[in-house]
1. Please report the relative contact order for the range 1-88, taking Cα pairs under 8 Å with a sequence separation of at least 6, and give it as a percent rounded to a whole number.
2. Translational diffusion coefficient, Stokes-Einstein: compute it for the range 15-77 using the Kirkwood radius over C-alpha pairs as Rh, at 37 °C and 0.692 mPa s, and state it as an integer in µm² s⁻¹.
3. Using only the heavy atoms of the protein chains and a 1.4 Å probe, how would Val12, Val33 rank by accessible area, largest first?
4. Kindly provide the Kirkwood hydrodynamic radius of the range 52-114 in Å, to one decimal, from all pairs of distinct alpha carbon atoms.
5. Just the number, please: Stokes-Einstein D of the chain in µm²/s, Kirkwood Rh from C-alpha pairs, 20 °C, 1.002 mPa s.
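The values are calculated or read from the model by the stated rules, or taken from the named source; none is laboratory data. These numbers come from a predicted model, not from an experiment. These accessible areas exclude ligands, DNA and RNA; they are computed on the full protein's heavy atoms, side chains included. Shrake-Rupley method; radii C 1.70, N 1.55, O 1.52, S 1.80 Å.
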Amino acid sequence: QVQLVESGGGLVQAGGSLRLSCAASGIIFRLSVMDWYRQAPGKQREAVATISSSGRFNYADSVKGRFTISRDSAKNTVYLQMNSLKPEDTAVYLCHTTYGPGYWGQGTQVTVSS
């Protein structure tokens, strides 16, 4: 059974930082592309950051220079370090993998106050 479990969300003031974690099980993590998406109320889900099995990464323009995605294959965990947070970063952040048919986590809420 595949599970992606996010943690680390919360309420933070603008300019602050949070680190999200996504613990994966039931997949061959070291071979899997891992992504972070976010969905704000009334908006479409958008890709935030992607990291390949070899550690290559890609970011949405809106978070470049502020967010960093990383992975730890020993822990089957992918991280999203978010710095210089803005109110417009407020959203539910979801972990995703393209392994197999693709799987989603349940999401973790990030709220940035101005």
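1. On the way: 160 pairs, mean separation 28.0, N = 88.
Over the range 1-88, the number comes to 32 percent.
2. The calculation lands on 255 µm²/s.
3. Sorted by accessible area, descending: Val33, Val12.
4. On the way: mean 1/r = 0.0754 Å⁻¹.
Its Kirkwood hydrodynamic radius stands at 13.3 Å.
5. Working: Rh = 13.9 Å.
Taking Rh from Cα pairs, D becomes 154 µm²/s.
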